Amino acid sequence: MSLSVSANLAASLIAAPIMVPSLAGTLSLIFRRRRRALAAGISIVSSLLQLAIAALLLARALHSPPTPYAMGNWPAPFGIVLVLDQLAAWMLLLTAIVGLAVASHAALTGLDRKGWNFHPIFQFQLLGLNGAFLTGDLFNLFVFFEVLLIASYGLILHGQGARRLTSGVQYIVVNLTGSTLFLIALGILYGVTGTLNMADMAQRGAALVPGDRGLFEAGGLLLIAVFALKAALLPLHLWLPRAYSSAAPAVAALFAIMTKVGAYSIIRTAPLIFGDEAGAILLPAALGTIALGFLGMLAARGLRDMAAFGLIGSTGTLLVAIALFDADGLSAALYYLPHTTIAAAMLFLTVDLVVRWRGMEGDAIVPTPRFAGSALLAFLFLTAGVALAGLPPLSGFLGKLLILDATIATPLAPWIWGTILVTSLLAVVALARAGSTVFWKHDASPPRPEGREAPNLAEALPALFLLAALVALTVLAGPATRLTRSTAAQVLDTPLTLHAVLGEPAPGDAR
Amino acid sequence: MSIEFLIATAIGALTWAGIYLSLRGRTFPVVLGIAMLSYAINLFLFAIGRLKVGAPPIFSEDAATYTDPLPQALVLTAIVISFGMTALIVVLALRSFLETGTDQVDGESDPAIDPLEGDHEEWIARRNAHSLDMIGETRA
């Protein structure tokens, strides 16, 4: 009896990354007015718990094939399943790391005091992210996308102000249109295959008559367009710089992972729908995205704009590796993905500290009088910049090296190498120029009158935590690349997933 | 005319109106456009289960044939989400209009259509006072 209960509990751990934030969000909603510290505490404890759960799940996923968890015990393809595999666990771990850093940064800097609902919305955002990474059902993916988008609408407006409101309206309009396209794509795919379970859809899609095949691929392309919108791929990137640079920088740090949700969904769905020829459309757009992002960094006049464009550029780099859709490219992408997310989040947190400690210049790239704490900030900015641009010694260098190595055999290799190397140089120039202007040049005017309190150095702890994560990713590059290689092999092994999720091969199409 | 033709035409017309309106420059047409688009999607999702007249979705003792229940559940979810989103964006558009003094989606007021006279902030203050008056009138 007790054995079966504990076995049940162990199986239910797959649902924990969804249950924990939903409970924590509800609890902190109850306490948010009377006991603000308790609400913040719940949020941080929940983020810690999610980190532990994600580590457990990753350890479990390493030694087993994809594990489905049938919600309400309805087996796939009839019920909705969550599927834990190495890719999902890897993304959960990344979400938990960034989530923990941002939650504690918000509590330390008092961002959560600029409105009542920061911590509840934040937990629901994590709920949506975790759910999107775990689900094995396409419509359920849409629902979790909506959960994370609705939470992100709340977070992007957090703190208010006219500029934030205007860009919030634009962000919401763009994403509502994206959701509409998502539903059209889902409708077409369901209409053709008669299923919404991803594994089942792959199986039935492969068995379609040629007449239906075109419609199926049109639905798939529409779906990829939606994910490309979330990932801010070249023609669909226009919403990102303004939205991210006008949101509170700590919120933007969490949103660094939202573009990766798009990238993740492309990894998940494209091979299922298109089989081997998934990447041909993505590659040119991804190359353009890199160029645009890093050129934008060069042109940015504020640190927040710069971080936002850096995020676009690094997501483009990631998508180049994804667009190869072979084991090497995917494993390079999966190593580069956590790196770029953490680096961008760290840059945003650092920029937030610059804005807080520096005074009235905010994040503008102009010289100012010396300010307290600038040495620590200069160090953080330097390391975040090194990571984002992909210089040694941090993991960005290894990630870019892996990506270049994986692309060497493709016909487009000169273009890919040229773009990645030249844009890395652009990023270095942009970051060096901004960093030396903000931290080294001091205008001749006398220091500020001593009215300001000394900055609380503890506020830099979350950014340092992210730096530690980057260092760990660099030092453990050997085990990490072994892990991403086996993850990539698992993702591309569609029959394995089919067997694990659906059990026996399903009987012929019922329609 | 077949029912398929009617439904397809309705979806097409709603989508056309939705796309046109959501590309407009001011928030109110955009909100309407998004509402139109979501109506079109609801019809579309409903139609993907194929159109069958007089067939029950789940169970009936004397039913010869069934219609697909899943799209109906999907439509229900989609309706709930799009309804909530429309409410949110209406409130947000109003708030952003009151704070910035313009209802242009790009946030930059167009002097040709926005009744800006004199000081921008003064205009916003008048605008806010006016809306408070309106709320007072409706309450009274």
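The values are calculated or read from the model by the stated rules, or taken from the named source; none is laboratory data. Treat the numbers as computed from the prediction; the structure is a model and nothing was measured. All Cβ positions, even for glycine, are placed from backbone atoms using ideal geometry, and neighbour counts span all protein chains on display.
The set of residues in the range A:1-49 that are surrounded by fewer than 19 Cβ atoms within 10 Å (Cβ to Cβ), charged (D, E, K, R) and touching a residue at least 60 places away in the same chain (Cβ under 8 Å) comprises A:Arg33, A:Arg36. Within the range B:14-30, if we keep just the residues that are farther than 20 Å from B:Val75 by Cα and surrounded by 16 or more Cβ atoms within 10 Å (Cβ to Cβ), the residue that is farthest from the other protein chains (Cβ to nearest Cβ) turns out to be B:Ala17. Residues of the range B:74-108 that are modelled with pLDDT of 85 or more and more than 9 Å from chain A (Cβ to nearest Cβ): B:Val75, B:Leu76, B:Ile79, B:Val80, B:Phe83, B:Ala87, B:Val90, B:Val91, B:Leu94. One residue alone among A:Thr177, A:Thr109, A:Thr95 is over 24 Å from B:Phe46 (Cα atoms), of a type in the set (Val, Ile, Thr) and surrounded by fewer than 24 Cβ atoms within 10 Å (Cβ to Cβ), and that residue is A:Thr109. Within the range A:117-135, is there a residue that is under 13 Å from A:Ser43 (Cβ atoms) and assigned to a loop (DSSP other than H, G, I, E, B)? Yes, the range A:117-135 contains a residue that is under 13 Å from A:Ser43 (Cβ atoms) and assigned to a loop (DSSP other than H, G, I, E, B). With respect to (1) surrounded by fewer than 22 Cβ atoms within 10 Å (Cβ to Cβ); (2) facing chain B (nearest Cβ under 10 Å); (3) in a helix (DSSP H, G or I), the lone exception for A:Gln160 is condition (3). Can you find a residue that is crowded, with 24+ Cβ neighbours inside 10 Å, without any contact (Cβ under 8 Å) to a residue 12 or more places away in the chain, within 12 Å of another protein chain (Cβ to nearest Cβ) and in contact with a helix residue (DSSP H, G or I) (Cβ under 7 Å, 6 or more places away or on another chain) anywhere in the range A:145-152? Within the range A:145-152 (the criterion being crowded, with 24+ Cβ neighbours inside 10 Å, without any contact (Cβ under 8 Å) to a residue 12 or more places away in the chain, within 12 Å of another protein chain (Cβ to nearest Cβ) and in contact with a helix residue (DSSP H, G or I) (Cβ under 7 Å, 6 or more places away or on another chain)), the answer is no, since none of the residues qualifies.
Checking each residue in the range A:484-494 for being farther than 13 Å from A:Ala333 by Cβ and touching a helix residue (DSSP H, G or I) at 6+ places or on another chain (Cβ under 9 Å) picks out A:Ser486, A:Ala489, A:Gln490, A:Thr494.
Here is the figure for the range A:311-328: residues that are of a type in the set (Gly, Ala, Ser) and under 18 Å from A:Leu236 (Cβ atoms) total 4.
Quick check on this structure: which one of A:Leu238, A:Leu221, A:Leu186 is over 21 Å from the mean Cα position of the chain (by Cα) and within 13 Å of chain B (Cβ to nearest Cβ)? Residue meeting the stated conditions: A:Leu186.
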